[in-house]
Amino acid sequence: MKDQILLVQNEALSAITATQDSRQLEEVRVAVLGKKGSLTALSSGMKDVPAAEKGAIGQALNAARQAITEALEAKQADLQEMADRAALVGIDPTLPARALAAGAIHPLTLLRERAVGILRRMGFALADGPEIEDEFHCFDALNTPADHPARNEKDTFYFDSGKLLRTHTSSVQVRSMERSTPPLRIIAPGTAYRRDEIDSTHLSAFHQLEGLYVDRDVSLPDLKGTLEAFLQELFGAGTAVRFRPHFFPFTEPSFEIDVKLEVKGQAPRWIEVAGCGMVDPAVFEAVCQSRGDRVFDPDVVTGFAFGMGLERLAMIQWGIRDIRLLIENDVRFLRQFA
Ligand code: DAH
């Protein structure tokens, strides 16, 4: 019996050495150690071995099983290493990795996120509305008369349906008041469109940030304090801010806001950054009509609104001379903001 065990063991070991791949190796394992394997068959012969020899035969069986198992494992490791090596033929794994080009956040996005961040900390919530608007939300409800130049076909993109690409984000003021009730404090960053000739300060698609605050007893000092604080956080503490009387159809009184800034390479000067004003009662009246209730009754609520051009703010912030740089996707320009 001992000889038989040795025979099986030696056969198994040379079969293992001869295998070329792990499928063959598995076949050898099954043929020797499997349920019907040769060593398994010998083990079941143990019951017929005389008691006196049981110890020695048992030991021989165990030794054979162990030697075969170790040989199987070693061969499997060899085969794996050979496969790994074959996979690497022609590849030099010690070469340094190719550098991945890292992108950068676009300056307009940087500016918008900063502006939105400041206003959100002040308690304004994000709002939005459609870019394809109707005349009611873009003009009529904002107290803009039918003959106002902004409504001209030459200045505004109209669709055959009579809809239009919104010329400003002020339409979101009306949309927000239609769907919620005061107190209301919203900001709406978004795209606006005008049929402007494209040059160093004009694009036909550009971005604005609109704001609206409506409550009881909102006053002009609230407007001034809020926007001064906002602009000083954006452009630096101590930045001088002035409110210059102006006209907008949807606010009364209305102002343009200037900040005194030193654009890189230029002498300090007043630069216009935003329009604003106290919401005109006619706007509240139009909202009441559209809602069919009086929750925005101009005898009860007041509010302020403001709007600013985001490209313009970015240009001021970084001394960008030509607005077209913001849409040309020239990496030499964009890389500077990485
Ligand atoms: N909608 C104006 C524009 O596009 C900007 C503006 C001015 C918005 C005054 C306002 C505002 O909310 O109160 O030029």
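Hey, what's the Kirkwood Rh for the chain if you take every pair of different alpha carbons, in angstrom?
Radius from the Kirkwood sum: 26.5 Å.
Around R194, what is the net charge, scoring Lys/Arg as +1 and Asp/Glu as -1 over all other residues with Cβ under 14 Å from its Cβ? Write down the numbers at each step before the final one.
Details: positive: R151, K154, R166, R195, R312; negative: E131, E133, E153, D155, D196, E197, D199, E311.
For residues surrounding R194, the net value is -3.
Hey, what angle do you get for helix 281-291 against the long axis of the chain, alpha-carbon based, 0 to 90 degrees rounded to 10?
It works out to around 50 degrees.
Only four residue types carry charge here, +1 at the Cβ of Lys and Arg and -1 at the Cβ of Asp and Glu. Report the dipole size of region 2-87 about the Cα centre in Debye, rounded to the nearest 20. Walk me through the numbers on the way to the answer.
Numbers: 10 positive and 12 negative charges, 72 e Å.
It comes to approximately 340 debye.
For the chain, modelled as a GNM with alpha-carbon contacts under 10 angstrom, which of E27, E311, E256 fluctuates the most?
E27
Return the loop-located GluC sites (Glu not before Pro) in region 69-159 (DSSP other than H, G, I, E, B) with at most 14 other Cβ atoms within 10 Å of their own Cβ; answer none if there are none. Provide the component values of the computation, followed by the final result.
On the way: sites: E70, E73, E81, E113, E131, E133, E135, E153; in loops: E131, E153.
For GluC sites (Glu not before Pro) across region 69-159 that sit outside H, G, I, E and B with at most 14 neighbouring Cβ atoms in 10 Å, the list reads E153.
Using a Gaussian network model of the chain with C-alpha springs under 10 Å, which one of A229, A101, A83 is most mobile by mean-square fluctuation?
Looking only at A229, A101, A83, the biggest GNM fluctuation is shown by A83.
Rank-order 265-271, 167-173 by packing density, defined as the average count of other C-beta atoms within 10 Å over each peptide's residues, highest first. Display every interim value, and only then the final one.
Details: 265-271: 10.7, 167-173: 25.9.
Sorting 265-271, 167-173 by mean packing, highest first, produces 167-173, 265-271.
Would you work out the charge dipole size for the chain about its Cα centre, treating the Cβ of every Lys and Arg as +1 and the Cβ of every Asp and Glu as -1, and quote it to the nearest 20 debye? Walk me through the numbers before you get to the answer.
Numbers: 38 positive and 48 negative charges, 234 e Å.
Here the chain has a charge dipole of around 1120 debye.
When the chain is modelled as a GNM with alpha-carbon springs shorter than 10 Å, which of H137, H202, H148 fluctuates the most?
Evaluated over the chain, the most mobile residue of the options is H148.
For every helix of n ≥ 4 consecutive DSSP H residues, a contribution of -39,500 (n - 2.57) applies; sum these over the chain, divide by its total residues, and give [θ] at 222 nm rounded to the nearest 500 deg cm²/dmol. Don't skip to the answer; put the middle values down first.
Details: 11 runs with 141 residues, N = 338.
The per-residue figure over the chain is -13000 deg cm²/dmol.
Starting with the fewest neighbours, write out S43, S200 ranked by other beta-carbon atoms found within 10 Å of each beta-carbon.
Fewest-to-most Cβ neighbours within 10 Å comes out as S200, S43.
Using the structure shown, select from K224/K260; K54/K75; K2/K47 the pairs with a Cα to Cα distance greater than 21 angstrom.
Working: K224/K260 16 Å; K54/K75 31 Å; K2/K47 15 Å.
Distance filter (> 21 Å) returns K54/K75.
Quick check on the exposure proxy: order F159, F284 from fewest to most C-beta atoms within 10 angstrom. Mind dumping the intermediate values first?
On the way: F159 9, F284 24.
With the sparsest Cβ surroundings first, the list reads F159, F284.
Answer with one residue from A101, M46, N62: the one whose Cα lies farthest towards the positive end of the charge dipole of region 1-117, charges on Cβ with Lys, Arg +1 and Asp, Glu -1.
In region 1-117, that residue is A101.
Just to confirm a number: summing +1 for Lys and Arg and -1 for Asp and Glu over residues other than A141 whose beta-carbon lies under 10 angstrom from that of A141, what do you get? Before the final figure, lay out the partial values.
Values: positive: R175; negative: D134, E135, D140, E178, E285.
It works out to a net charge of -4.
In whole Hz, what ³J(HN,Hα) sequence does region 144-156 give by Karplus (6.51, -1.76, 1.60; θ = phi - 60°), x for Gly and Pro?
Once θ is set to phi - 60°, the couplings for region 144-156 become 9, x, 4, 9, 5, x, 4, 8, 4, 4, 6, 9, 10 Hz.
Would you pull out the residues with amide H under 5 Å of H207's amide H, same chain only if 5 or more places away, H placed 1.01 Å from N?
A192, L310, E311
Considering the dipole of region 126-196 built from charges on the beta carbon (Lys and Arg +1, Asp and Glu -1) around the Cα centre, which of T167, S180, C138 is farthest to its positive end?
Value: S180.
At a 10 Å Cβ-Cβ cut-off, how would you order T251, T109, fewest neighbours first? Numbers along the way, then the final one.
Values: T251 25, T109 14.
Ascending number of Cβ neighbours within 10 Å: T109, T251.
Every read-out reported here was derived from the displayed coordinates using simple, explicitly stated rules and does not represent laboratory data. These figures come from a predicted structure and were not determined experimentally. Backbone-built Cβ (ideal geometry, glycine too); neighbour counts: all protein chains shown.
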